[in-house]
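A short write-up of the structure that comes next.
The values are calculated or read from the model by the stated rules, or taken from the named source; none is laboratory data. The model shown is predicted, which means the values in this text are computed figures rather than measured ones. All Cβ positions, glycine included, derive from the backbone under ideal geometry; neighbour counts span all protein chains shown.
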Amino acid sequence: RADLAMYQAKAAGRNTLRFFDPEMQQAVSARAELEADLRRGLQQQEFQLFYQPQVDADGHITGAEALLRWQRPDYGLVTPASFIPLAEESGLIVPLGEWVLYTACRQLAAWAANPATAQLELSVNVSARQFHQPGFVAMVRMALQQSGAPARKLKLELTESLLLQDVDDTVRKMQALKQDGLGFSLDDFGTGYSSLSYIKRLPLDQLKIDQSFVRDIDNNVNDISIIRTIVALAGSMQLQVIAEGVETASQRQFLLQQHCRAFQGYLFGKPMSIGHFMRLLTSR
Ligand code: C2E
Ligand code: MG
Ligand code: MG
Ligand code: MG
């Protein structure tokens, strides 16, 4: 709707704007304001990475997922749902995603330099538009090189829709980066439309069970069988499997029974600032 209004406004000239539904006008200006704000926020360094622990079957922290946050003036700390879609549409996701990767790599390098944290791995979300940029592989290599981060500790989280967009480009880029030692995780697994034969062709390392399946473990028979299937599939394809959105001890217990041995979720920690994450690590 906002797109259409913008287009019509441009096509018809300024004065016709007053014929529009005021709600639509409001949506258009909110969108324009958000985009300008995103641009400015990037320059003003208003973004930060939060870190959510990933744990093994014993509850030991093995690493984290980096999750983007925006300290937007007058709005407080903003989560990605409200700005990633527009960042994607406007192309701002490219510089923003580059900032994320450089920041994540610097953190990974800092961990690697300290024996107490050298084992930690870091997962970073990559959006479709960012991944399909021509310079994506070179950008990742540059971020690794400039930071000195160990590629083997870096995992990129991709989504099924991203992988389906341009299969040749996808496979080529994944293979190139895998040669450097990077890992790939398939995020939100089970919510997309990719066929199993297709997924088999991709050089993945991990499947990440979407939180929508974990949420209803205690009472939804379908979700239980989906989880069983995903864990079995991962096993047969020799992929790691991690469950996201684990909030309760009984969800963890069920997942353990299904031989899932890696977890992420509020039960173990919410996404937190780096200071908070480091304190959590040392308190254990
Ligand atoms: P995601 O990659 O699937 O990340 C997991 C989301 O689930 C995060 O939301 C996290 O805070 C939330 N979560 C984790 N554990 C639990 C739990 O136990 N219960 C519930 N209810 N939620 C849990 P967040 O941080 O709001 O991020 C949302 C999405 O935004 C991410 O989903 C990812 O797709 C995207 N995103 C985040 N950071 C980045 C980034 O740096 N780049 C890109 N391209 N996308 C990002
Ligand atoms: Mg993710
Ligand atoms: Mg996910
Ligand atoms: Mg998700």
Being within 22 Å of LYS155 (Cα to Cα), within 16 Å of ligand 2 (Cβ to nearest atom), in contact (Cβ under 8 Å) with a residue 24 or more places away in the chain and among the small types (Gly, Ala, Ser), is that true of even one residue in segment 77-86? no
Output yes when any residue across segment 111-130 is surrounded by 21 or more Cβ atoms within 10 Å (Cβ to Cβ), out of contact with any strand residue (DSSP E or B) (no Cβ under 9 Å at 6 or more places or on another chain) and outside any loop (DSSP other than H, G, I, E, B), and no when none is. yes
Here is a list of conditions, (1) closer than 26 Å to GLY135 by Cα; (2) at pLDDT below 95; (3) of a type in the set (S, T, N, Q); (4) not in a loop (DSSP other than H, G, I, E, B), and GLN175 meets all of them except one; can you say which number that is? (2)
State whether one or more residues within segment 225-241 are of a type outside the set (S, T, N, Q) and within 23 Å of TYR51 (Cα to Cα). yes
Can ILE224 be described as modelled with pLDDT under 95 and either touching a Ser or Thr at 6+ places or on another chain (Cβ under 6 Å) or β-branched (Val, Ile, Thr) (or both)? yes
Need at least 2 residues that are surrounded by fewer than 17 Cβ atoms within 10 Å (Cβ to Cβ) and over 21 Å from the mean Cα position of the chain (by Cα) per element, so show me which helices (runs of 4 or more DSSP H) inside segment 180-284 make the cut, counting only ones lying wholly within it. 196-200, 221-236, 249-257, 274-283
Residue satisfying all of: in segment 242-278; polar (S, T, N, Q) and within 16 Å of ligand 3 (Cβ to nearest atom); farthest from TYR51 (Cα to Cα) among these: GLN251
Can you pull out every residue in segment 161-179 that is surrounded by fewer than 18 Cβ atoms within 10 Å (Cβ to Cβ) and either in contact (Cβ under 8 Å) with a residue 12 or more places away in the chain or within 13 Å of the chain's Cα centre (by Cα) (or both)? SER161, LEU164, GLN165, ASP166, VAL167, ASP169, VAL171, GLN175, ALA176, LYS178
Top-ranked residue in segment 196-218 [being at pLDDT below 90 and over 20 Å from PHE263 (Cα atoms); ranked as nearest to ligand 3 (Cβ to nearest atom)]: ILE199
Is it the case that PHE268 is within 30 Å of THR117 (Cα to Cα) and at pLDDT below 95? no
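Rundown of residues vs (1) of a type in the set (Phe, Trp, Tyr); (2) within 17 Å of the chain's Cα centre (by Cα); (3) part of a strand (DSSP E or B); (4) farther than 30 Å from PRO134 by Cα, yes/no style:
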position	(1), (2), (3), (4)
PHE50	yes, yes, yes, no
GLY59	no, no, no, yes
ALA64	no, yes, yes, no
TRP70	yes, yes, yes, no
ASP74	no, no, no, yes
Taking into account only those residues within segment 152-161 that are closer than 25 Å to LEU108 by Cα and in a helix (DSSP H, G or I), which is nearest to ligand 1 (Cβ to nearest atom)? LYS153
Could you say whether any residue in segment 95-109 is of a type in the set (Asp, Glu), within 12 Å of ligand 1 (Cβ to nearest atom) and in a helix (DSSP H, G or I)? yes
